[in-house]
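Right, one structure below, let's go through it.
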Amino acid sequence: METKIIGGVVFDQSVLLVDDEANPAAVSLLHKLRHSALALGISYGPHLSSSKVSLLKKMETLYSMDCFRFDSSSSSTEDSISELQLAWPQITGSILYLLSNINNNLFQKLTNCGCQIAVLDNEGTSACEGSNIVHINKLDELPLTICRFNRKAIRNSVLTVGYVMKPSREEDFAKRGAFPMSPTHNGLMFLPLTFELPLPPQLQEVDIVLHKATDEIISIELSCSTEYPDKIVYTTGMQELKRYMDQHIECCVIDPLDNIYPVLDRLKIQQILLGLDDLKAADRHIIRAPHFLKVDNFNEPDFVKRLTEAKLSPPCIVKPQVACGVADAHSMAIVFKVEDFEGLSVPLPAVVQEYVDHSSTLYKFYVLGDQVFHAVKKSTPNAEILMKLSGSDELKPLLFDSLKSLPTGSGNQHNSGEVKKCMDESLVKEAAKWLSTSLCLTIFGFDVVVEEGSGDHVIVDVNYLPSFKEVPDDIAIPAFWDAIKLKFQTKKHTM
């Protein structure tokens with residue numbers, strides 16, 4: 001039988017339920033598949049208890065599935081399959097039917113109707129392919145099985161992107177349609193990599209590896225010198241993936257770990273941003289790094305002198321040197337008096353950075369390959385307003401977690417027309433191109449504020465593989481796919 005791409009998956013109730021409860025492994029799998037662009041269905045027999053049917057109906061609603069009643073003991077099976085095909089008219093490929101028991105009568109009927117069959121074999125039988133039946137040992141293997149079917153059907157016309165990131169981030173991307181398991185318009189399909197299975201068999205099916213390695217960091221020990229790298233300890237799974245990438249330099253990775261290391265270290269990023277001086281021109285605004293100082297101890301005897309030499313004076317924003325991957329990387333403070341640095345509860349070593357008055361307006365820029373997008377967001381207010389927020393005459397430091405409780409102004413402190421005029425988009429896009437070359441990153445983001453008075457454009461943060469959620473999905477996701485494809489093509493041409 002001709003192999004077609006998988007357009008839909010039907011789960012027999014036997015793989016979804018354990019006794020009278022939802023199978024946890026099935027729930028985890030459905031979380032991955034519900035935004036995969038595959039049609040999903042549930043089949044159950046006529047004699048299933050009402051309590052189990054009720055549970056299946058809940059799963060149907062939760063994971064955007066369709067329920068079908070199958071009776072394998074009669075000719076109504078063909079009618080059920082016809083009903084299924086009518087319910088999924090958008091499917092031009094095959095339907096994969098997954099069940100957990102051998103039923104030769106049903107197998108024959110499903111095969112005659114053009115279905116592919118996967119059997120969940122919990123007895124530990126080695127996964128194998130025979131005729132139109134594939135045996136798998138764990139539900140975690142199903143995405144890889146679908147990928148293999150699809151690669152066999154389309155051969156070399158589509159690239160497979162294997163991706164790994166924490167579940168919440170994966171779901172955020174997937175909800176936007178970023179990770180379809182069937183081919184995209186520009187010839188990509190996606191496979192979620194899992195550390196629950198051996199990596200080599202998964203990576204054999206992959207042309208491109210997309211990762212958010214910072215989700216897999218256990219600890220970071222900063223280097224005492226300006227030389228790379230800092231000492232980073234990853235989870236066991238990420239260590240295995242790193243070994244594979246190190247040993248297979250031909251593998252296209254977005255992006256190589258060496259390229260993301262500077263983004264993990266706020267000091268190193270600040271030092272790189274000093275190179276923005278190369279973009280200075282007489283007839284336009286300056287784009288630059290903020291003034292900064294690395295601090296190992298706020299009680300250093302010459303601390304005030306060092307602040308002055310670094311062109312820093314309160315208010316200042318204090319950030320941990322480690323930018324991500326550890327619990328307190330986003331524990332920050334805004335300090336209004338020099339004496340309040342002493343005993344400040346920001347993790348050390350830290351980076352003290354100038355606080356730029358920017359009218360509570362932040363420009364978030366996203367670089368996806370050769371395309372650049374931006375969004376305008378409300379930000380922290382000018383220093384004068386911050387001082388009022390701090391607590392009147394005492395001016396205590398403002399402590400906050402930048403992911404949760406960033407103090408913001410009560411609106412832009414100048415009108416919207418002024419906001420539009422003050423940001424030079426062409427200048428920032430030139431800086432984006434410079435950053436892309438300097439960092440050798442494919443997908444990254446950075447934040448820009450425009451200083452009141454001087455009009456200086458100041459890059460205050462850089463991050464790797466951001467969500468770019470402020471960019472509309474119909475623009476962002478095709479650009480995301482194009483960036484991945486461009487990276488592969490560029491690497492291929494340079495090998």
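Positive end of the dipole of the stretch 168-313, charges at C-beta (+1 Lys, Arg; -1 Asp, Glu), about the Cα centre: which of A174, L293, M238 has its Cα farthest in that direction?
It is L293.
Once a ≥ b ≥ c are taken as the square roots of the eigenvalues of the Cα gyration tensor of the chain, is the result rounded (a/c under 1.5), prolate (a/b larger than b/c) or oblate (a/b not larger than b/c)? Don't skip to the answer; put the middle values down first.
Details: a/c = 2.37, a/b = 2.22, b/c = 1.07.
Prolate, because a/c is 1.5 or more and a/b exceeds b/c.
Rounded to the nearest 500 deg cm²/dmol, what is the calculated helix-only ellipticity per residue at 222 nm for the chain, with -39500 (n - 2.57) per DSSP H run of length n ≥ 4?
Values: 16 runs with 159 residues, N = 495.
Theoretical 222 nm ellipticity from helices: -9500 deg cm²/dmol.
What is the set of long-range amide H partners of G45 at a cut-off below 5 Å, with H atoms built 1.01 Å from backbone N?
The answer is F70.
With a ≥ b ≥ c taken as the square roots of the eigenvalues of the C-alpha gyration tensor of the stretch 200-308, please select rounded if a/c is under 1.5 and otherwise prolate if a/b is larger than b/c or oblate if it is not?
Values: a/c = 3.80, a/b = 1.65, b/c = 2.30.
Because a/c hits 1.5 or more and a/b fails to exceed b/c, the stretch 200-308 counts as oblate.
Span-like helices, the chain: DSSP H, alpha-carbon axial extent 27 Å or more, mean Kyte-Doolittle -0.5 or greater, which ones?
Values: long enough: 473-494 (31 Å, -0.38).
Answer set is 473-494.
Could you work out how far the C-alpha centroid of the stretch 281-338 sits from that of the stretch 19-51, in angstrom?
52
Out of H374, A323, S359, whose Cα points farthest toward the positive end of the dipole of the chain (charges: +1 Lys, Arg; -1 Asp, Glu; placed on Cβ)?
H374
With a/c under 1.5 counting as rounded, go ahead and sort the stretch 351-390 into rounded, prolate or oblate using the C-alpha gyration tensor (a ≥ b ≥ c being the square roots of the eigenvalues; past the cut-off, prolate if a/b is larger than b/c, else oblate).
Working: a/c = 4.35, a/b = 2.25, b/c = 1.94.
Because a/c hits 1.5 or more and a/b exceeds b/c, the stretch 351-390 counts as prolate.
Between beta-carbons, use under 12 Å as the cut-off and find the net charge around R288, counting Lys and Arg +1, Asp and Glu -1.
Values: positive: K280, K311; negative: D277, D278, E354, E451, D456.
Result for the neighbourhood of R288: -3.
Can you tell me what share of the DSSP beta bridges in the chain is antiparallel? A percent to the nearest 5 is fine. Please list the in-between numbers first.
Numbers: 47 of 83 bridges.
Within the chain, antiparallel bridges account for around 55 percent of the total.
Roughly how many percent of the accessible protein surface of the stretch 146-237 is carbon and sulfur, given a 1.4 Å probe and a whole-percent answer?
Working: 1940 of 4010 Å².
Looking at the stretch 146-237 in its full context, I get 48 percent from C and S.
Beta carbons within 10 angstrom, averaged per residue: use that to sort the peptides 245-251, 305-311, 155-161, highest first. Walk me through the numbers before you get to the answer.
On the way: 245-251: 11.7, 305-311: 13.3, 155-161: 15.0.
So the order, starting with the most tightly packed, is 155-161, 305-311, 245-251.
The values are calculated or read from the model by the stated rules, or taken from the named source; none is laboratory data. On a predicted model such as this, the values are computed, not experimentally measured, just so you know. Note that we place each Cβ from the backbone using ideal geometry, even for glycine, and neighbour counts take in every protein chain shown. Side chains are part of the model used for accessible areas, which takes the heavy atoms of the whole protein and leaves out ligands, DNA and RNA. Shrake-Rupley method; radii C 1.70, N 1.55, O 1.52, S 1.80 Å.
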